[in-house]
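Accompanying notes for the structure given below.
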Amino acid sequence: MTRRKKIYEGKAKILYEGPEPGTLIQYFKDDATAFNAQKKAVLEGKGVINNRISEFIMTRLTTIGVHNHFIKRLSLREQLIREVEIIPLEVVCRNIAAGSIATRLGIPEGTQLPRSIVEFYYKKDELNDPLVSEEHVTAFNWANTQEIDDILATTLRVNDFLSGMFSAVGITLVDFKIEFGRIYEGDYCRVILADEISPDSCRLWDSITHEKLDKDRFRRDLGNVIESYTEVARRLGVMKEMPTVIQGGITGEPT
Ligand code: TMP
């Protein structure tokens, strides 16, 4: 057996060559980072939970016609995905002020925004992923105007769907970050949703207590990170077996 080829390693995931051309294997690590990796930890079980939550969400999005890279889950930490050409933007959608918008614009955290706001950040670790405008995106050719239109429409659709899905299980979707990539089909190029959607990339608050159930627990040293991620999975009805999996130790290391 040959060791499979690593294509890319990010802060929380590794991409390996897939079994067929145009596919990749996305491996979810337990590593957690914040503030552009200035803060680091290993949270045992995080990769397993995020693999399942992201699978659940991507599969649900497929059923409402939001095209995305997910093909199928392969193991506890791995999923088969379509290979895309990643657009170098972090697309953030916000419903309630929290995190960087609260600081940048001096809005108290928890304030309902007048409407959902979509922001673009340029994916560049060396620059700390700066906030950019559509002008920058088109001028520097990170995406064209048609792609921006598709990204905006899809992001708002994802927001509507996820807000409803989480609200049904007593969770408020405060904000989230998604990424997009291009796929080429003959003469056509299409933008689809890629990366992951999980408590690492969303702000999720308990609708009644406003308790944080997402990566802010790690960023702000609030403790109980894995317990909160597990609670999100439990409420969504994924990974009913999760507590046993955690207690029994997590397997599924990269092969
Ligand atoms: P922010 O308030 O720090 O700009 O974050 C907005 C949303 O984006 C929040 O749900 C967390 C998510 N996010 C990521 O997924 N990756 C990142 O690197 C950052 C900074 C935020």
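The values are calculated or read from the model by the stated rules, or taken from the named source; none is laboratory data. Because the structure is predicted, anything quoted here is derived from the model rather than measured. We place every Cβ from the backbone using ideal geometry, glycine too, and count neighbours over all the protein chains shown. Just the protein is used for accessible areas: all its heavy atoms, side chains included, with ligands, DNA and RNA removed. Shrake-Rupley method; radii C 1.70, N 1.55, O 1.52, S 1.80 Å.
What the table shows:
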read-out	value
Radius 14 Å from Cβ of Y188, net charge of other residues (Lys, Arg +1; Asp, Glu -1)	-3
Solvent exposure of the chain as accessible area per residue, Å², 1.4 Å probe	50
Computed [θ] at 222 nm, deg cm²/dmol, the chain (DSSP H ≥ 4; -39,500 (n - 2.57); rounded to nearest 500)	-9000 deg cm²/dmol
GNM result for the chain, Cα springs below 10 Å: residue of G22, G106, G164 fluctuating most strongly	G106
Residue-count net charge about N224 - beta-carbon cut-off 14 Å; Lys, Arg +1, Asp, Glu -1	-1
Test item: Cα-centred dipole of the chain, Lys/Arg +1 and Asp/Glu -1 on Cβ, debye	600
Three-way shape label, the chain, alpha-carbon gyration tensor, a/c 1.5	rounded
Summed side-chain charge close to N141 - residues other than N141 whose Cβ falls under 14 Å, Lys, Arg +1, Asp, Glu -1	-3
Furthest towards positive pole of dipole, F166, G106, L127, structure part the chain, Cβ charges	F166
Nearby lysines by direct alpha-carbon distance to K215 (threshold 22 angstrom, same-chain neighbours under 8 apart not counted)	K11, K13, K29, K39, K40, K46, K123, K124, K177, K240
Efficiency of FRET from Cβ geometry, L222 and E17, R₀ 45 Å, rounded to 0.05	0.75
Rounded Å value of the spacing that divides the Cα centres of the stretch 88-141 and the stretch 183-223	14
Accessible area (Å², 1.4 Å probe, nearest 10) - V137	0
Efficiency of FRET between A153 and Q112 - r from beta-carbon atoms, R0 25 angstrom, step 0.05	0.65
